[in-house]
Amino acid sequence: MASIDWQVAAAIATVVSTLAFIASAVVVVLQLRQAARERYFSITAHLFEIWQSSDFQHDQLFLLHMLTCATWDEFCRMGRGERADVAIHRVGGYYDRVGNLVRHNLIDKQDILPTIGGYAVAVWHRIEPLVKELRLRENALLFENYEALLPECHECYAPGIAHPVKMADAPALKDPIPGHPIPGQPVKLCTVEPAPVFDARAKQPVAAPIRAATAMNGAAERSVTAMAFGNSRRNSQAQHPSELVLPDSDGIAHALTEFTASGPAVLVYARGAWCPYCLRQLADYAEHYPEFKRSGVEVIALSPETPRKARRMRTGLKLPFAVLSDRDLNAARVFGLMDHEKPGMPTPATLVLDSAGTVQLSTLNQWAKSVFAGDVLEYIRRVKQTDIAAAAAIPPPQVTVPKPGMLFARAFANMAAGLFSR
């Protein structure tokens, strides 16, 4: 009887056990993927079920077509806990939940935003003033994920079409003019988002009153008030800061007074997505943004780049505040930021605006220096605690060298992408 070669048997057993282990691992991985896929479809199906429910749609249509209040006092007069209050929290809370799931990559935005994205933007346009006041009064982080989701929804949004109306009250025309509406017949009105309107008529130059403002770019220090006056004089489109209207990263026009209506605001004028020091400064303000909101201070970013590039910068850094486009350099001229480093080019700066839109502080940033968010916030808090006369003695925050770190690579990638897009 032949003897058994135990070494060969052990080798065969090892191979068999290894194959069995690999097969069981493959089966486990497939089962986990199937469970994750089923859980994913369960989550998305539940989201669509909520979105398609009659209660949700009724509240959403109420916000889109029947909500008339735009201030906190009007909202309170409609009754806390009543229809408007419930609708805002139900619809806003739903989109905030979707934004949280998208931010943590738990759902693919391409699977849900083509359906709900346009409505999310339209609802935000109606409730944004109320949300900003609610953040100041009740919850500083209210609908934070909802607002962060909006840049991803802009491609799904289209301006709404108003209901057909009749020109019953229009004066009768004896001979209708070709191409003009005829009284009594329905007319379809198309409502579109307002575009920035600039008054091209020459105006008297208005120098924004600026306190404690000096140019710190290596040259002799000059008063920024004088610089603003000189830039305004050379610009036929000169305006007061409160009259500026600029598009945000979604192409929607905003008046600067929207951000200063409830209190002071910090305006960070950045070179663009290609500058690592500007990216580091904006990331610093994004990190301290909840502290600014709790102190009743809004933060705005301005860039001379197009809204598309501004959107890339905002989404790349996940900025929780608005990024406006100053493509025509109108704001740079009004704030006196032109021709300090290069002729015809704006210089980055950090400005503090009061509730009336008046510039209280303007500091020009050097090439590799900027003002830290914590220093600006501390300065604003000290100004709030003192009267006007004593506030003049408070030293303004100084420019400091930030540490861009990995933002150098992101800035280089943005600069390369900017060569192929506008």
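Computed values, structure above
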| quantity | calculated |
| --- | --- |
| Sole residue being surrounded by 10 or more Cβ atoms within 10 Å (Cβ to Cβ), in contact with an Asp or Glu (Cβ under 9 Å, 6 or more places away or on another chain) and touching a residue at least 24 places away in the same chain (Cβ under 8 Å), chosen from Val91, Val98 | Val91 |
| Hits in the range 108-147 (condition: touching a helix residue (DSSP H, G or I) at 6+ places or on another chain (Cβ under 7 Å), open to solvent by 10 Å² or more (accessible area, probe 1.4 Å) and over 24 Å from Ala70 (Cβ atoms)) | Lys109, Asp111, Pro114 |
| Qualifying residue in the range 265-284 (condition: closer than 20 Å to His125 by Cα and either in contact (Cβ under 8 Å) with a residue 12 or more places away in the chain or not aromatic (Phe, Trp, Tyr) (or both)) | no |
| Test: residue in the range 71-82 that is surrounded by fewer than 16 Cβ atoms within 10 Å (Cβ to Cβ) and touching a Pro at 6+ places or on another chain (Cβ under 9 Å) | yes |
| Out of Ala322, Ala373, sole residue that is within 12 Å of Leu267 (Cα to Cα), under 20 Å from the mean Cα position of the chain (by Cα), open to solvent by less than 10 Å² (accessible area, probe 1.4 Å) and small (Gly, Ala, Ser) | Ala373 |
| Pairs with Cβ under 6 Å, 6+ apart, first in the range 70-87 and under 16 Å from Glu138 (Cα atoms), second in a helix (DSSP H, G or I) and of a type in the set (Asp, Glu) | Trp72/Glu133 |
| Count of residues meeting criterion [in contact with a helix residue (DSSP H, G or I) (Cβ under 8 Å, 6 or more places away or on another chain) and open to solvent by 10 Å² or more (accessible area, probe 1.4 Å)] in the range 353-370 | 8 |
| Boolean, Leu150 is open to solvent by less than 40 Å² (accessible area, probe 1.4 Å), in contact with a Phe, Trp or Tyr (Cβ under 7 Å, 6 or more places away or on another chain) and either basic (Lys, Arg) or over 13 Å from Gln60 (Cβ atoms) (or both) | yes |
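Every residue, every condition in (1) under 15 Å from the mean Cα position of the chain (by Cα); (2) closer than 17 Å to Asp250 by Cα, yes or no:
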residue	(1), (2)
Val98	no, no
Tyr119	no, yes
Arg137	no, no
Glu152	yes, yes
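The values are calculated or read from the model by the stated rules, or taken from the named source; none is laboratory data. Nothing here was measured: the structure is a model prediction, and the numbers come from that model. Note: ideal-geometry Cβ built from the backbone for every residue, glycine included; neighbour counts use all protein chains shown. When the accessible area is computed, the model is the full protein with side chains, heavy atoms only, and any ligands, DNA or RNA have been set aside. Shrake-Rupley method; radii C 1.70, N 1.55, O 1.52, S 1.80 Å.
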